[in-house]
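What follows is a set of notes on a single structure, which appears directly below.
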Amino acid sequence: MQRFFAKVMTLVLVAFVLPVQAANTIKNIRMWPSPDNTRVVFDMAGAPEYSYFSLNQSHPYRLVIDFPSTELNVNLEQLESKSLLLSKIRTSTPKLPGSTRIVLELDKQVDPVIQVLPPQQMHGHRLVVDLPGASLKRDAAALSADDLQERKVTIAIDAGHGGEDPGSIGPSGTYEKDVVLKVARALAKMINDDPGMQAYLIRSDDYYINLNERPRKAERIKADLLVSVHADGFTSPQPRGASIWVLSNRRASTEMGRLLENKERLSDVLGGVPAVENEDNFLNETLISMSMDHAMASGYEAANDVLRELKQITRMHKSKPQHASLAVLTSTAMPSMLVETGFITNPTEEQLLRSNQHQQKLARAIYQGVRSYFMRRPPDGTMFANNRASRHVVRSGESLSILAQRYNTSIAAIKARNNLNSSVIQIGQVLEIPSPE
Ligand SMILES: [Zn+2]
């Protein structure tokens, strides 16, 4: 009995003398602002416990997160927020000793979405806080949805991965997400410099977008083509070379089934034509099936055009477009392709992929391929379609003045358009006819 008493006393003393031992640690805090939200990631030593509340009476609005029995091992002074939404992360006095209270100071009232993520690949335990709201300064080089013009062929460019998801990682530590963003930006610049085309970047900075959301973003801006840019990875360093992937038949059928269940998306995909409410869904199915066949056939054809250009500047892993079931290739509203620019896990290709010169070459090849596809198959109502409609093959007895009259333009305009020094034209000569003046 006495011994028991002594034991209890010792325990009480120990508890009194030792500082409260925290069960968990916040090891790092990372922020990923994007055009639609700011993601804040708390890297934890163990599975996080938390509770939170908002203070929205006055500016700055605050989101307060309590981590019970957790210590903070991050210097908040050194955290710099680039988010327009989240101005500051600081601590405040916790209710219980040994706990941590984190305060996020916000420019707007938001409904946060908070989730606990288990360890995965390169990451440990995480608490992920998504704060919805525009968070990224507008990039002057990237077009926003409002800038897009109807007469231009619109290419949606999706730089793979981003933010929390680095994609494949090269032997000297190059992240796929960084390389593909550079290629995507170079490609967007080339496209925007083309008077007949415009580019829309689905990801324009270092943040993550849900895979299923990427093709939806392209559909919403009514893109004529979606190009997703990636770099391959493998468990051994040998494989190398580029490849192009397109929607597989099987995935297409699954998508078609899903679409028929979703009237709202169905109407988007059918180009604003409201989905027909009927019993057997037959008409919808027919419309979608036509639209899907078109998306698949044209995706394959465009992929072939890009492949032809790519193989002139880099080694190919696959000499033909490959079919795959990938979330980013599920649009039935437009053709889409995924370009694997090379294997970042191959040391030689990693170095190539890092070089600005090679990034430019890859972008140029994709641009040329896409352009030749749309020159051949211009979407209705675009400049490419108008240009194509007014090509003329000279026949016997025709002269510049006859053509100028027929096309309601002038001899000078035809000569200028075709760089002609004289007014003599040959039978069989192909002339571009400018739009009526
Ligand atoms: Zn990838």
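The values are calculated or read from the model by the stated rules, or taken from the named source; none is laboratory data. Because the structure is a prediction, the values reported are computed rather than measured. All Cβ positions, even for glycine, are placed from backbone atoms using ideal geometry, and neighbour counts span all protein chains on display. Note: accessible area is taken over every heavy atom of the protein model, side chains too, but ligands, DNA and RNA are not part of it. Shrake-Rupley method; radii C 1.70, N 1.55, O 1.52, S 1.80 Å.
The single condition from (1) assigned to a strand (DSSP E or B); (2) under 15 Å from residue 336 (Cβ atoms); (3) touching an Asp or Glu at 6+ places or on another chain (Cβ under 7 Å) that residue 231 fails is (2). Please determine whether any residue of the range 345-361 is assigned by TED's automatic domain parsing to the domain that holds residue 309 and in contact with a strand residue (DSSP E or B) (Cβ under 6 Å, 6 or more places away or on another chain). Looking for residues that are assigned by TED's automatic domain parsing to the domain that holds residue 309 and in contact with a strand residue (DSSP E or B) (Cβ under 6 Å, 6 or more places away or on another chain), one finds at least one in the range 345-361, hence yes.
One residue stands out among those in the range 141-161 that are within 16 Å of the ligand (Cβ to nearest atom) and not in a loop (DSSP other than H, G, I, E, B): the one that is nearest to residue 367 (Cα to Cα), which is 157. The set of residues in the range 176-229 being away from the ligand (no atom under 16 Å from the Cβ), among the polar types (S, T, N, Q) and open to solvent by 10 Å² or more (accessible area, probe 1.4 Å) consists of 192, 204. Could you tell me whether any residue of the range 247-264 is farther than 30 Å from residue 83 by Cα, surrounded by fewer than 18 Cβ atoms within 10 Å (Cβ to Cβ), modelled with pLDDT under 95 and within 16 Å of the ligand (Cβ to nearest atom)? There is no residue in the range 247-264 that is farther than 30 Å from residue 83 by Cα, surrounded by fewer than 18 Cβ atoms within 10 Å (Cβ to Cβ), modelled with pLDDT under 95 and within 16 Å of the ligand (Cβ to nearest atom). Restricting 169, 157 to those that are of a type in the set (A, V, I, L, M), more than 25 Å from residue 378 (Cβ to Cβ), touching a Phe, Trp or Tyr at 6+ places or on another chain (Cβ under 8 Å) and buried (at least 16 other Cβ atoms within 10 Å of the Cβ) reduces the list to 169. Residues of the range 49-65 being in contact (Cβ under 8 Å) with a residue 24 or more places away in the chain and either part of a loop (DSSP other than H, G, I, E, B) or of a type in the set (A, V, I, L, M, F, W, C) (or both), which ones? Within the range 49-65, 49, 50, 56, 59, 60, 63, 64, 65 qualify. If you go through the range 283-317 and keep only what is modelled with pLDDT under 95, more than 16 Å from residue 370 (Cα to Cα) and hydroxyl-bearing (Ser, Thr, Tyr), you end up with 286, 289, 291.
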